[in-house]
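The values are calculated or read from the model by the stated rules, or taken from the named source; none is laboratory data. Because the structure is a prediction, the values reported are computed rather than measured. Ideal geometry is used to build each Cβ from the backbone, glycine not excepted, and the neighbour counts take in all protein chains shown.
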Amino acid sequence: MEQYTGFSAHASLALIAEWTNSNEIWEELRARVHIRQKTIRHSPSDKLKDLLINMWAGGERISSINNVLRTDEGLQRLFGRTSCAEQSTVSETLNAVSAENIVEMEGFIGQVYREHSLCYQHDYKKNWLLLDVDLTGILAGKQAEGSEKGYFSGERNGRGRQVGRVYARQYDEIVNEQLYSGKVQLEASLLELVKMTERVLGSDEHHRKHTIVRVDGGGGTDKNIGRLLLDGYWILMKVKNWQRTQKLVKTVNTWHSLPALPGHDAGWVGTPHQYEKGTRQLAIRWPKEKGGFHYCILVFSLTDLMIFQLVGVRMPRKLSDQNLFSAIMKAYNLRSGGVETSIKNSKQGLGLNKRNKKRFVAQHMLLLLAQLAYNIAVWARNQLAQHSSTISGFGMLRLIQDAFHISGKIHFDEKGNVNLIVLNQTHKLAKVFLDTWRASFPRDDLSLILGKI
């Protein structure tokens, strides 16, 4: 049988290609998501597939398909494609997406998540599940559906849409993600995001009683705090009501300095606000430039032991208020290394904020595809990390630009079936991919080796 060879700048994506092929991801996508659009050369599901491949290959925009995927025959072959759709036709498919397709896509992603995520397999008897919830703005033009003036970091008069995310910190996985109009704030979307997450995870009363929900001040309304407590969740949140905050700080009897946060003091609220269930409330203050103090209130139901477990530090036998306050602040501030970092990774690594569609449902489909791309990339990194401690610390940007950007040769037969992948042996991570391949995907009809390119 005649042999053909194609060069690929992203030959290491063979790992994701083999994982998605062996787990029948593409067949399931085709079976569950039905976009009503006539197929001329490429089906709608093929175009969604091209979008996903383009994301893993570092294509930040839809138009990048023409320069990244369409010019890389070897990469196309890895994923079972013999050609690639032109970017304008991919855009047309997104324009044909309906609200029903969004429901179908959410169902598909939920199924993939339940079958392959570590979070879904979490052992609630051994450890707490930590869920971070946050909202981030995505800028968009005036003509875009749902584009409104709202809060957009660094953009005083920015307009666009909001993305709500529920993130499993222990596993670096996106459990649930939703698109909202620009004016929506976390206080209005928090409970909906949590309920959607319960459906994804199949959460029951036992699961909720072993789950910690961590949220910043945007979601800390009385309604949200009360509902989460009644549902059985443990919470660590910042109070949103500034008038409540001003009232509560007046009841602090003693302020303690926080060595880990110079200039910050903390103290117990003497007369806590009464929620549906008991909580502890900690006031924090730090100086303003022109005199006086800024204040915030942390409200939480966690025990002292849970706080120290959350920060990964053994609880002292003799626990001082200062030690406890520092641990509480660290437990809350770890959000910046959790959901906030994951959002940054999606924007920098997957171009989450660089693909804009006028139609709201089209943008929602892009968001769901980016969520799927993120999680599958994380699961691939988990496999690689078993053979390299270095790669376990890779964020999404480095994973895509470095690990998924190893060049190589793709050998395939006249039917387009890939039978040999040769990775560039000079790349520092090539050996890691070779070891991972041998451990995870041993096949007689498809080999991955190292060689000179």
Original post:
Quick one: in segment 1-38, which of the residues that are assigned to a loop (DSSP other than H, G, I, E, B) and among the basic types (K, R) is nearest to the chain's Cα centre (by Cα)?
Top reply: R36
**OP:** Please tell me if Y113 is out of contact with any Lys or Arg (no Cβ under 8 Å at 6 or more places or on another chain) and under 23 Å from L228 (Cβ atoms).
**Re:** yes
**OP:** May I ask you to list the residues in segment 397-418 that are touching an Asp or Glu at 6+ places or on another chain (Cβ under 9 Å) and either outside the structural domain of W56 (by TED's automatic domain parsing) or without any contact (Cβ under 8 Å) to a residue 60 or more places away in the chain (or both)?
**Re:** N417
Subject >> Given (1) outside any loop (DSSP other than H, G, I, E, B); (2) over 22 Å from E340 (Cβ atoms), number of the condition Q401 does not satisfy >> reply: (2)
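Quick grid of which residues meet (1) within 18 Å of V361 (Cα to Cα); (2) in contact with a Gly (Cβ under 8 Å, 6 or more places away or on another chain):
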| position | (1), (2) |
| --- | --- |
| W19 | no, no |
| E24 | no, no |
| D46 | no, no |
| D50 | no, no |
| L69 | no, yes |
| V90 | yes, no |
| I102 | yes, no |
| I109 | yes, no |
Subject >> Verdict on I225 being under 27 Å from E148 (Cβ atoms) and in contact with a Phe, Trp or Tyr (Cβ under 6 Å, 6 or more places away or on another chain) >> reply: yes
**OP:** For segment 169-191, name all the residues that are of a type in the set (D, E, K, R) and more than 21 Å from Y374 (Cβ to Cβ).
**Re:** K183, E187
Original post:
Restricting the search to segment 148-188, which residues are in contact with a helix residue (DSSP H, G or I) (Cβ under 9 Å, 6 or more places away or on another chain), more than 16 Å from Q363 (Cβ to Cβ) and not aliphatic (A, V, I, L, M)?
Top reply: Y151, Y167, R169, Y171, D172, E173, N176, Q185, E187
Original post:
In this structure, is A373 touching a Phe, Trp or Tyr at 6+ places or on another chain (Cβ under 8 Å), part of a helix (DSSP H, G or I) and over 27 Å from T93 (Cα atoms)?
Top reply: no
Subject >> Pairs, first at negative phi in segment 114-141, second in a loop (DSSP other than H, G, I, E, B) and among the small types (G, A, S), C-beta under 7 Å, six or more apart >> reply: D132/G338; G137/G150; G137/S153; G137/G158; L139/G158; A140/S147; G141/S147
Subject >> Criterion (out of contact with any Asp or Glu (no Cβ under 9 Å at 6 or more places or on another chain), farther than 30 Å from A331 by Cβ and either of a type in the set (A, V, I, L, M, F, W, C) or in contact (Cβ under 8 Å) with a residue 24 or more places away in the chain (or both)) met by exactly one of E100, E145, E86, E155 >> reply: E145
**OP:** Filter segment 29-57 down to residues that are modelled with pLDDT under 95 and basic (K, R), then give me how many there are.
**Re:** 3
**OP:** Please find, within segment 173-195, the residue that is surrounded by the fewest Cβ atoms within 10 Å (Cβ to Cβ) out of those that are out of contact with any Gly (no Cβ under 9 Å at 6 or more places or on another chain) and not hydrophobic (A, V, I, L, M, F, W, C).
**Re:** K195
Subject >> Flag for R381 being basic (K, R), under 30 Å from G337 (Cβ atoms), assigned by TED's automatic domain parsing to the domain that holds V68 and surrounded by 20 or more Cβ atoms within 10 Å (Cβ to Cβ) >> reply: yes
Original post:
For segment 338-367, which residues satisfy the criterion of being hydrophobic (A, V, I, L, M, F, W, C) and farther than 17 Å from L135 by Cβ?
Top reply: L350, V361, A362, M365, L366
Subject >> Output for segment 101-142, where each listed residue is loosely packed, with under 14 Cβ neighbours inside 10 Å and either among the hydrophobic types (A, V, I, L, M, F, W, C) or under 23 Å from I16 (Cβ atoms) (or both) >> reply: V103, G107, Q111, E115, Q121
**OP:** Could you identify the single residue in L434, L450 that is aliphatic (A, V, I, L, M), surrounded by fewer than 19 Cβ atoms within 10 Å (Cβ to Cβ) and part of a helix (DSSP H, G or I)?
**Re:** L434
